[in-house]
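Here is the structure we will look at.
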Amino acid sequence: MKKGFAIFVIALLMTFVMFGSGTAIAADKPIVWVGQSCFPVTLPVGMYFPMWADKVEAMSGGRLKIEMHGSGEIVPGPAVFESVRDGVLDCGQNTPAWQKGQYPAGDLFYTLPAGVTETNDLLVWMYGDEGSALEQEMYGDVIKVFPLGLTPPESGIWSTRPVKTLGDIKGLKVRSAGLSMELWQKLGASVVLLGGGEVVPSLRRGVIDAAEFAFPSMDVALGLHEVCKYLMGPPIHMGSNVFQLIINTDKYNALPDDLKEIVKNAAVSASFEGYAKFWSDSIKAFDQVKAAGVEINKLSPADQGIALKIAYEILDEKSAKDPMFKKVWESQKKFLASYQDLYNFTKFDK
């Protein structure tokens, strides 16, 4: 009896030990998400995504890991949104330009054409006002969204023929995206939406005459300064870009609260560190553009004013067609009206 009872106790203890060990192993097993950027991660615009992924793993102590892929490795870049929504991917880096038809208000979550909003305006509205909340409201429960990927100001319009005035834009075939597509059309250009990898080959073959893409270090990495002899600024199509971190709703909701905070704050950290890095890189890249013999022109103040007037017309026209677009644009106008007094008071006159 005593011997049998001892064996029973030992067996019971071993069961508890094995069960406890298994629970500990299960608890220590990291959550792994599969994610993809809508851009190649070897290019500056796509680097925000791996920066975010690295920060998530470091900040979570390895509890959340991202199996990270670049554009085309799992799905085409423009399909990242639908793939995250449908659970093919757990998360991704996206640009709302790809969902222009489905979510027209997405065009308002980066700086607006002709300087209607600039980088600082957008940042304060997004992070300190109601910008981020409105972006989530636009998508509802379809996906979870956070800003990811603040860029330095964009270069302007690259072209294979001289462009010095707004009049020179008439008749051009321009690669563009977002609200600037309407701006170029109103200026008499025909517009083509192309992915990054198609821009330079299309310029070489004469499929397009001009292209706006991104900031100088990105444009140089793409090789735009090698195929275009002309660059016109300021970037009337858009100033700075803010891309998106999008997450499958079910996967996000399943996270414990501390990991949700890490996901969000890693995106903030990656965005601002990337902004500073790519600003610094773009200073050097702009020197490369000049050294390559690209002719750099700047629109006159009068032409800039015309572009600004057209931009406001586009915003009002689109507001009349889409309630969410109107709601976001009204929020931005209200913010700009409240923001300008203090901004102008604290700004040095040079």
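The values are calculated or read from the model by the stated rules, or taken from the named source; none is laboratory data. Since the model is a prediction, treat every value here as computed from it, not as a measurement. All Cβ positions, glycine included, derive from the backbone under ideal geometry; neighbour counts span all protein chains shown.
Pairs are defined by a Cβ separation below 8 Å, a sequence spacing of at least 6 or placement on different chains, a first member in region 243-268 that is of a type in the set (Gly, Ala, Ser), and a second member that is part of a helix (DSSP H, G or I); the pairs so defined are ALA266/TRP52; ALA266/LYS55; ALA266/VAL56; ALA266/MET59; ALA267/TRP52.
With respect to GLY196, determine if the residue is closer than 30 Å to VAL56 by Cα and not assigned by TED's automatic domain parsing to the domain that holds GLU67. In short, yes. The single condition from (1) within 30 Å of ILE296 (Cα to Cα); (2) in a helix (DSSP H, G or I); (3) touching a residue at least 60 places away in the same chain (Cβ under 8 Å) that GLY46 fails is (3). Here SER280, SER300 are screened, and the one residue that is under 27 Å from VAL45 (Cα atoms) and among the polar types (S, T, N, Q) is SER280. Residue check: ILE246 meets all listed conditions (1) among the β-branched types (Val, Ile, Thr); (2) within 22 Å of the chain's Cα centre (by Cα); (3) surrounded by fewer than 19 Cβ atoms within 10 Å (Cβ to Cβ) but one, namely (3). Here is the figure for region 29-78: residues that are of a type in the set (A, V, I, L, M), within 25 Å of GLU154 (Cα to Cα) and at pLDDT below 95 total 4.
Note on region 106-212: enclosed strands (runs of 3 or more DSSP E) holding 3 or more residues that are in contact with a Phe, Trp or Tyr (Cβ under 8 Å, 6 or more places away or on another chain) are 143-150.
Within the set GLY70, GLY140, the sole residue that is under 30 Å from PRO30 (Cβ atoms), of a type outside the set (A, V, I, L, M) and in contact with a strand residue (DSSP E or B) (Cβ under 6 Å, 6 or more places away or on another chain) turns out to be GLY70.
If you go through region 120-159 and keep only what is crowded, with 17+ Cβ neighbours inside 10 Å, more than 30 Å from PRO201 (Cα to Cα) and among the aromatic types (Phe, Trp, Tyr), you end up with TRP125, TYR139, PHE146. Of the residues screened, PHE278 is not one that is aromatic (Phe, Trp, Tyr), surrounded by fewer than 21 Cβ atoms within 10 Å (Cβ to Cβ) and part of a helix (DSSP H, G or I). Inside region 313-326, can you point out the residues that are in contact (Cβ under 8 Å) with a residue 12 or more places away in the chain and buried (at least 16 other Cβ atoms within 10 Å of the Cβ)? Answer for region 313-326, where residues must be in contact (Cβ under 8 Å) with a residue 12 or more places away in the chain and buried (at least 16 other Cβ atoms within 10 Å of the Cβ): ILE314, LEU315, LYS318, MET324, PHE325. Within region 87-105, is even one residue modelled with pLDDT of 95 or more, among the β-branched types (Val, Ile, Thr) and under 15 Å from LEU245 (Cβ atoms)? No: zero hits. Of the residues in region 338-347, at least one is assigned by TED's automatic domain parsing to the domain that holds LEU166, among the acidic types (Asp, Glu) and at pLDDT below 95.
Looking at region 290-348 only, could you name the residues that are touching a Pro at 6+ places or on another chain (Cβ under 7 Å), assigned to a helix (DSSP H, G or I) and farther than 20 Å from GLY156 by Cα? Listed by number, the residues that qualify are LYS318, PHE325. Of all residue pairs spaced 6 or more apart or on separate chains, those with beta-carbon atoms under 6 Å, a first member in region 168-188 that is without any contact (Cβ under 8 Å) to a residue 60 or more places away in the chain and of a type outside the set (D, E, K, R) and a second member that is buried (at least 17 other Cβ atoms within 10 Å of the Cβ) and in a loop (DSSP other than H, G, I, E, B) are ILE169/LEU187; ILE169/ALA189; LEU172/ALA189; LEU172/ASP209; VAL174/ALA189; TRP184/SER176.
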